[in-house]
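Since every read-out is calculated from the coordinates, none of them should be taken as a lab result. On a predicted model such as this, the values are computed, not experimentally measured, just so you know. Here Cβ is always computed from backbone atoms with ideal geometry, including for glycine, and neighbour counts include all displayed protein chains.
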Amino acid sequence: MSALLDVILPVFLVIGFGYAAVRAGWLGESAIDGLMRFAQTFAVPCLLFRSIAHLDLGSAYDPGLMVSFYTGAFAGFFACFFGAMAIFGRAMPDAVAIGFAGLFSNSLLLGLAITERAYGAQALQANYAIISLHAPMLYGFGIALMEWARSRGRGLSGATLARQIGKAILSQALVIGILLGFAVNLAGNPLPGFIWSGVDMVAGAAIPVALFGLGGVLTRYRIEGDLGPVLMVSLASLVLHPAVTWVLGAHVFGLGVDALRSAVVTAAMAPGVNAYVFAHMYGVGKRVNASAVLVATAASIGTAWFWLHLLP
């Protein structure tokens, strides 16, 4: 119970403040858009830049950690992808978007916040290692599969597809922050102290501002039909992904305590807002993904407590 009260509820309380502020009319949608733009374009990239720049690359990138987490992620994708087509009769582009919701967990806003509150800032090394691959790998996979699904019969060339994927990935501020962090890390952290002080100030605002903004954004989503696919995505995100990660991490690869905690907690998070952004980008599966983000985020209060209770 202490994990629920001391770790999980404070995180969702900040989200709730953002939700209540918008619902009560204290903040308009434009204000929330500004907060989220600041968080996603400046504060969170600074946080990732700082973290990757100081990351011990030799120890952070454990193959067992990556295989455990991403096997669970792709298990969630394929369960939702084939379930959307075989059970719910969705067309392939819709199924790709729905599968992406089962693939893309909220590793950054919820995963970082809950892991840090549960185990301390010193336990986040594996989180940052996972996050450094999360957006580039999963967006690349999702975009490639969606473009293939949409281009069947149109003969889209491999070079064109590669350009589209590269442009979509490299235009993200989060990816730019990660790449700059790697560059500084590999160069031996040559930046002077006053720059790091400025980065620290902006990075310190990233998680609280982003969580508050996430609450405001959630007011735009409604649970609108499609209950079956929504429940399927929620189960894939909150149960299947962390279960596969836990089995592989604990019983196949024998991950250390810190790495196992980071992997499972990150895997247990609800789909991020990016799941809806991806669906909106292609105009398919939007209602399912929006509802799944809302339902799974609310349900993760209980499921996150379960996984924290299960971990050593």
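Give, as a single signed number, the net charge of other residues whose beta carbon lies under 15 Å from the beta carbon of Met232, with Lys and Arg counted +1 and Asp and Glu -1.
On the way: positive: Arg90, Arg287; negative: Asp94, Asp226.
In short, 0.
Find the Cα radius of gyration of the chain, compare it with 2.2 N^0.38 Å by division, and give the number to two decimals. Before the final figure, lay out each step's value.
Details: Rg = 18.8 Å, N = 312, 2.2 N^0.38 = 19.5 Å.
My calculation over the Cα atoms of the chain gives 0.96.
For Ser171 and Val239 in the same chain, what is the full-extension length gain: residue separation times 0.36 nm, less their Cα-Cα distance, in nm?
Extra length from Ser171 to Val239 when fully extended: 21.3 nm.
Just need log10 I(q)/I(0) for the range 164-221 at q = 0.18, 0.21, 0.29 Å⁻¹, Debye formula, equal scatterers on the alpha-carbon atoms, no solvent, rounded to two decimals.
With one equal scatterer per Cα and no solvent, log10 I(q)/I(0) is -0.87, -0.98, -1.09.
Give me the distance between the Cα centres of the range 39-93 and the range 223-271, rounded to whole Å.
11 Å
About the Cα centre of the chain, what is the dipole size in debye to 20, counting +1 per Lys and Arg Cβ and -1 per Asp and Glu Cβ, all else neutral? List each step's numbers first, then the result.
Working: 15 positive and 12 negative charges, 159 e Å.
Using Cβ point charges on Lys, Arg, Asp and Glu, the chain gives about 760 debye.
Which value does Rg/Rh take for the range 15-87 over its C-alpha atoms, Rh per Kirkwood? Let's see the in-between values first.
Values: Rg = 19.1 Å, Rh = 16.3 Å.
Taking Rh as the inverse mean 1/r over Cα pairs, Rg/Rh reads 1.17.
Calculate the FRET efficiency for Ile87 and Ala183 from the Cβ-Cβ distance with a Förster distance of 51 Å, rounded to the nearest 0.05.
Values: r = 45 Å, r/R0 = 0.89.
Result of the calculation: an efficiency of 0.65.
Counting only residues 5 or more places away or on other chains, whose amide H sits under 5 Å from the amide H of Ala270 once H atoms are built in the peptide plane?
Asn106
Based on the alpha-carbon gyration tensor of the range 266-312 and its eigenvalue square roots a ≥ b ≥ c, which shape applies: rounded if a/c is under 1.5, prolate if not and a/b is larger than b/c, or oblate?
Numbers: a/c = 4.95, a/b = 2.67, b/c = 1.85.
Since a/c reaches 1.5 and a/b is larger than b/c, the shape of the range 266-312 is classed as prolate.
Let me have the 222 nm mean residue ellipticity of the chain computed from DSSP H runs of 4+ only, each contributing -39500 (n - 2.57), with the sum over all residues rounded to the nearest 500.
On the way: 17 runs with 224 residues, N = 312.
Taking each H run of at least 4 residues, the total per residue is -23000 deg cm²/dmol.
Go ahead and set up a Gaussian network model of the chain, Cα springs under 10 Å, then flag whichever of Gly204, Gly99, Gly181 fluctuates most.
Of Gly204, Gly99, Gly181, the most mobile in the Gaussian network model is Gly204.
Report the calculated FRET efficiency for Val67 and Val277 (r = Cβ-Cβ distance, R0 = 22 Å), to the nearest 0.05.
Working: r = 27 Å, r/R0 = 1.23.
Step by step, r from the Cβ atoms, then E = 0.20.
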